[in-house]
1. Does segment 41-62 contain at least one residue that is part of a helix (DSSP H, G or I), in contact (Cβ under 8 Å) with a residue 40 or more places away in the chain and surrounded by fewer than 16 Cβ atoms within 10 Å (Cβ to Cβ)?
2. Filter segment 92-104 for residues that are more than 17 Å from residue 134 (Cβ to Cβ) and assigned to a helix (DSSP H, G or I) and give the result.
């Protein structure tokens, strides 16, 4: 989730009590919400602050966009989950994991580039087999790139592996 442009007046700066259906603005004004339906027909709460009260607030110019009403804040149908996710984002464990995201995103993009999203076969088993072969090809590509960087002789390495498995052939 992206960071708010102006955290002092962003929705996250408002204390929203879903149980009591009340919201308190950063300056301490509290209002009761009204139930509404969102675009998908789900229940949400809309909190509308009194315009005259908002006009007295030092944050008014930055906070209120309406020409007639005061500030309004609408909850999302998954508001509780969103708030939990935002709290988790502030933990050190999350920040540590998030640092790895770039590497993972690049690898997913590479797999998609090699056809992971669009399989050419019909039937889930064949499609899964294509996905596995695609992943194997990308892994081999990475292995060869690393070997080249380390100046390793892959032919010699594979030749040594063949010798290790010579006693395992059926016969």
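The values are calculated or read from the model by the stated rules, or taken from the named source; none is laboratory data. Treat the numbers as computed from the prediction; the structure is a model and nothing was measured. Here Cβ is always computed from backbone atoms with ideal geometry, including for glycine, and neighbour counts include all displayed protein chains.
1. In the first step, residues of segment 41-62 are kept if they are part of a helix (DSSP H, G or I); the result is 51-55, 60-62.
Next cut, in contact (Cβ under 8 Å) with a residue 40 or more places away in the chain only: 62.
Those still in the list that are surrounded by fewer than 16 Cβ atoms within 10 Å (Cβ to Cβ) too: 62.
Yes, because at least one residue in segment 41-62 is part of a helix (DSSP H, G or I), in contact (Cβ under 8 Å) with a residue 40 or more places away in the chain and surrounded by fewer than 16 Cβ atoms within 10 Å (Cβ to Cβ).
2. Pass one, segment 92-104, residues more than 17 Å from residue 134 (Cβ to Cβ): 92-103.
Residues satisfying the conditions are 92, 93, 94, 95, 96, 97, 98, 101, 102, 103.
Results for (1) assigned to a helix (DSSP H, G or I); (2) touching a residue at least 24 places away in the same chain (Cβ under 8 Å); (3) not assigned by TED's automatic domain parsing to the domain that holds residue 19, shown as yes or no for each residue.
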position	(1), (2), (3)
68	no, no, no
76	no, yes, no
106	yes, no, yes
120	no, no, yes
126	yes, no, yes
132	yes, no, yes
136	yes, no, yes
139	yes, no, yes
145	yes, no, yes
